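Visitor: Structure provided below as structure tokens; questions to follow.
Nothing in this text is a laboratory measurement; each read-out follows from the coordinates by a stated rule. Remember, predicted model here, so these are calculated numbers, not experimental data. Note that each Cβ is placed from the backbone with ideal geometry, even for glycine, and that neighbours are counted across all protein chains shown.
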Amino acid sequence: MAATIGAPPTTKLTRENFLYWQAQVLPTLRDARVMRLLKGTDPAPPETLYVLDDDKKPILIPNLAYDAWIVRDQQVVSYLVNPLSEDVLLHVFGLAHASSVWRALHELYSSQSSSTLLSAFSDADWAGDLDDRRSTSGFAIFFGPNLIFWSVRKQPTMSRSNTEAEYKALANATAELIWVEALIRELGVSLKEKPCLLV
């Protein structure tokens, strides 16, 4: 018997967060051993079977294997559909099987997931802490339209000007962006454009 599927992710799938949502969903579906249902490589068994009755006449009976398959398939459909936002749900409305829902979601977001622009945004709040007058800096790194890393922390030393605080934030964001770029390349993803950093 296949493993049960866990609770759906709490993050609603919207037009902006497909890769993040997929990263939450796939491990659960792999653990539940239902990837063949998603890929369409586990076809439905016949709904009915012919068997011979006592008089050696063929009769049609329900196929219990089909019943088990359809229950499992509908569990996966429910798992996939529950965390969809309303605008995304409209694109999969009426699709009956897990493989067709999964394919529709991938087709809907194929252009989004193919974007490989690595970008970062940094900012600083000069002397924002009223107790020790230290600045707070932060940055966010995006892969395509998806946020993959972010950080906000107080700077370890006091900055003498807003410009100095911004440069410290920029330096932190640059270091992290270089590290993330190296990691992405090590994972075998080719970046078509150079990473960009916005202040």
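Visitor: Among the lysines, select those whose C-alpha is under 28 Å from the C-alpha of residue 168, and discard any that sit fewer than 8 residues away in the same chain.
Guide: 154, 194
Visitor: A follow-up question, please. Over region 27-74, with a single point scatterer placed on each C-alpha, what log10 of the ratio I(q)/I(0) does the Debye formula yield at q = 0.13, 0.17 1/Å?
Guide: Once normalised to I(0) and log-transformed, intensities are -0.43, -0.59.
Visitor: Here's another thing I want to ask about it. What is the fewest-to-most order of 57, 168, 39 by other Cβ atoms lying within 10 Å of their Cβ?
Guide: Working: 57 8, 168 18, 39 12.
Listed from fewest to most nearby Cβ atoms, that is 57, 39, 168.
Visitor: Net charge near residue 153, counting Lys/Arg +1 and Asp/Glu -1 over other residues with Cβ under 12 Å of its Cβ? Present the calculation step by step, with values, prior to reporting the outcome.
Guide: Working: positive: 134, 154, 168; negative: 125, 129, 176.
Summing Lys/Arg as +1 and Asp/Glu as -1 gives 0.
Visitor: Which cross-chain or sequence-distant (5 or more) residues have an amide H under 5 Å from the amide H of residue 63, H modelled 1.01 Å from N in plane?
Guide: 48, 49
Visitor: Below 18 Å, Cα to Cα, which aspartates and glutamates can residue 57 reach? Residues fewer than 8 away in the same chain don't count.
Guide: Hits, sequence-local ones excluded: zero.
Visitor: Order of 78-85, 62-69 by packing, highest average Cβ count within 10 Å first? Each step should come with its number before you reach the end.
Guide: Values: 78-85: 17.2, 62-69: 13.1.
So the order, starting with the most tightly packed, is 78-85, 62-69.
Visitor: Two decimals is fine: what is log10 I(q)/I(0) at q = 0.10, 0.22 Å⁻¹ for region 18-113, from a Debye sum with one equal scatterer on every Cα and no solvent?
Guide: So the normalised log intensities work out to -0.36, -1.14.
Visitor: Let me ask another. Run down the lysines and flag those whose C-alpha is under 26 Å from the C-alpha of residue 39, throwing out any fewer than 8 positions away in its chain.
Guide: In chain and number order, the partners are 12.
Visitor: Please express the Cα-Cα pair-distance distribution P(r) of the chain as a list of whole percents, one per 5 Å bin, running from 0 to the bin with the greatest distance.
Guide: The distribution over the chain is 1, 7, 12, 12, 11, 10, 10, 9, 7, 6, 4, 3, 2, 2, 1, 1, 1, 0, 0, 0, given as percents.
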